[in-house]
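One structure is given below, encoded as structure tokens.
The values are calculated or read from the model by the stated rules, or taken from the named source; none is laboratory data. Predicted model only: the values in this text are computed from it and were never measured. Cβ sites come from the backbone with ideal geometry, for glycine too, and all protein chains shown count toward neighbours.
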Amino acid sequence: MVKTVLITLFQLLFVAEVTSQIDNNYLKVGEEAPIIKGVDQFNSEINSTKILQDKKILLLFYRGNWCPYCKKHLVSLQQNLEKFIKKGIYVIVVTPEKVEKIKETTSKFNSKFSIIHDFNNKIMNDYKVAFKVTKENVPKYFEFTLKRIRENNEKENNVLPVPATYMIDKDHKISYVHYVLTPIKQE
């Protein structure tokens, strides 16, 4: 059941239209998961080392509440949250969005899972999902994307995450990866 829910969630991310310059240098199954630290929208301190003592972690990277596919993904995630909790899975969503935008998202979608503002893109860089938005790697939607990023991210942060999801087991190893590889389209 959880696998079906995960597949459905990942399919929503897969249809994202923003393309990015990405290579195969992302974290793979079996690798050690970098530590996740931050404060979520409920002002709770999130530390993956503590969480992994008795739960698995489902880690998702979210572009922002301006992204229609991301919004659908968050709605689906919230609808299925109880299933994850019953399986002993703690859900963490990471985004470059400002804290006030995260709180708007939480209020709008009644999100009960932890959403962390990725200060200085540390978590995205640790998980190798960060990419800088440029005309070359987002040719079709560059102006739209840049405008939304400037409205929603911290000042001068033109970085977004690749749509990616990681399942992290209690031994701190990655047991599942969904990483959307969308190379630059050659015109």
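Among the residues of segment 106-123, which ones are closer than 25 Å to GLU82 by Cα, among the hydrophobic types (A, V, I, L, M, F, W, C) and modelled with pLDDT of 90 or more? Scanning segment 106-123 gives PHE113, ILE115, ILE116. Here ILE149 meets each of (1) surrounded by fewer than 19 Cβ atoms within 10 Å (Cβ to Cβ); (2) assigned to a helix (DSSP H, G or I) with one exception, condition (1). When each of GLU82, GLU97 is tested for being at pLDDT 95 or above and of a type in the set (D, E, K, R), the lone residue that passes is GLU82. Restricting attention to segment 34-43, the residues that are within 18 Å of the chain's Cα centre (by Cα) and not in a strand (DSSP E or B) total 5. Please specify each residue of segment 93-152 satisfying the condition of being closer than 29 Å to GLN79 by Cβ, out of contact with any Gly (no Cβ under 7 Å at 6 or more places or on another chain) and of a type in the set (Ser, Thr, Tyr). Hits for segment 93-152 are THR105, THR106, SER107, SER111, SER114, TYR127, TYR141, THR145.
Take the residues in segment 152-164 that are buried (at least 20 other Cβ atoms within 10 Å of the Cβ) and in a strand (DSSP E or B), then tell me which one is farthest from the chain's Cα centre (by Cα). The extreme case among them is ASN153. Inside segment 103-133, residues that are outside any strand (DSSP E or B) and touching a residue at least 24 places away in the same chain (Cβ under 8 Å) make up a count of 20. Here is the figure for segment 60-97: residues that are over 24 Å from TYR141 (Cβ atoms) and either surrounded by 22 or more Cβ atoms within 10 Å (Cβ to Cβ) or β-branched (Val, Ile, Thr) (or both) total 4. Listed conditions (1) closer than 17 Å to TYR127 by Cβ; (2) at pLDDT below 95; (3) surrounded by 12 or more Cβ atoms within 10 Å (Cβ to Cβ) are all met by ASN25, apart from (3). Only a single item in (1) over 19 Å from TYR179 (Cα atoms); (2) in contact with a Leu (Cβ under 7 Å, 6 or more places away or on another chain) is not met by TYR69, and it is number (1).
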